[in-house]
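Participant: So that we are looking at the same thing, I have put the structure below in structure tokens.
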């Protein structure tokens, strides 16, 4: 069963990333980063917390954020009370790209999963998956069955 779950996950993520890259220039990691930021107060997170949420090293999150910053989707902010702390902040452009990418996410997931499962089965699957333990989960993530909107 675990091998089937891994294969299904890998297939869905590859297909979704293909569409996200083609239509929005975003990788799955980019999309997930924007999604996490969109769900935070003031749409900002400490970079170290974002690294933990994404299960990335500090240098990995820096590389990821460098690309999103260069694209104008995220900006860096400092903490007035502690110069050692920096934040990743979602920009207006990042919100717009995330909204469009969320619609793509929803469409692709419906197409991929809808080919194999009925609406009732999709609802049951979402319910079952919702009972599994997660770390740093965000509603609306890839193929969540939600609307994916920030």
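Participant: Are any of the residues in segment 126-147 at pLDDT 85 or above and either in contact with a strand residue (DSSP E or B) (Cβ under 8 Å, 6 or more places away or on another chain) or within 15 Å of residue 31 (Cα to Cα) (or both)?
Facilitator: no
Participant: Anything in segment 54-66 that is surrounded by fewer than 16 Cβ atoms within 10 Å (Cβ to Cβ) and in a loop (DSSP other than H, G, I, E, B)? List them, or say none.
Facilitator: Result: 55, 57.
Participant: Quick test for you: out of 18, 78, 91, 33, pick the one residue that is surrounded by fewer than 17 Cβ atoms within 10 Å (Cβ to Cβ) and modelled with pLDDT of 95 or more. Give the derivation first.
Facilitator: Values: 78 fails: modelled with pLDDT of 95 or more; 91 fails: surrounded by fewer than 17 Cβ atoms within 10 Å (Cβ to Cβ); 33 fails: surrounded by fewer than 17 Cβ atoms within 10 Å (Cβ to Cβ).
When all the criteria are applied, what remains is 18.
Participant: Quick test of your reading of the structure: residue 69 fulfils all but one of (1) in a helix (DSSP H, G or I); (2) touching a strand residue (DSSP E or B) at 6+ places or on another chain (Cβ under 8 Å); (3) under 14 Å from residue 43 (Cα atoms). Name the failing condition by number.
Facilitator: Residue 69 satisfies all of (1) in a helix (DSSP H, G or I); (2) touching a strand residue (DSSP E or B) at 6+ places or on another chain (Cβ under 8 Å); (3) under 14 Å from residue 43 (Cα atoms) except (3).
Participant: What number goes with the only condition from (1) surrounded by 12 or more Cβ atoms within 10 Å (Cβ to Cβ); (2) modelled with pLDDT of 90 or more; (3) under 20 Å from residue 22 (Cβ atoms) that residue 70 does not pass?
Facilitator: (1)
Participant: Which residue pairs have Cβ atoms under 9 Å apart, sit 6 or more places apart or on different chains, and have a first residue in segment 41-53 that is at positive phi and a second that is at pLDDT 95 or above and in a helix (DSSP H, G or I)?
Facilitator: Qualifying pairs under 9 Å: 43/37; 43/94; 43/95.
Participant: In segment 22-65, what residues are over 13 Å from the mean Cα position of the chain (by Cα) and farther than 15 Å from residue 87 by Cβ?
Facilitator: If the condition is that a residue be over 13 Å from the mean Cα position of the chain (by Cα) and farther than 15 Å from residue 87 by Cβ, then 22, 23, 24, 25, 56, 57, 59, 60, 63 are the ones that fit.
The values are calculated or read from the model by the stated rules, or taken from the named source; none is laboratory data. What you see is a predicted model, and the numbers here were worked out from it, not measured in a lab. Don't worry about glycine lacking a Cβ; one is built from the backbone with ideal geometry, like all the others, and counts go over all protein chains shown.
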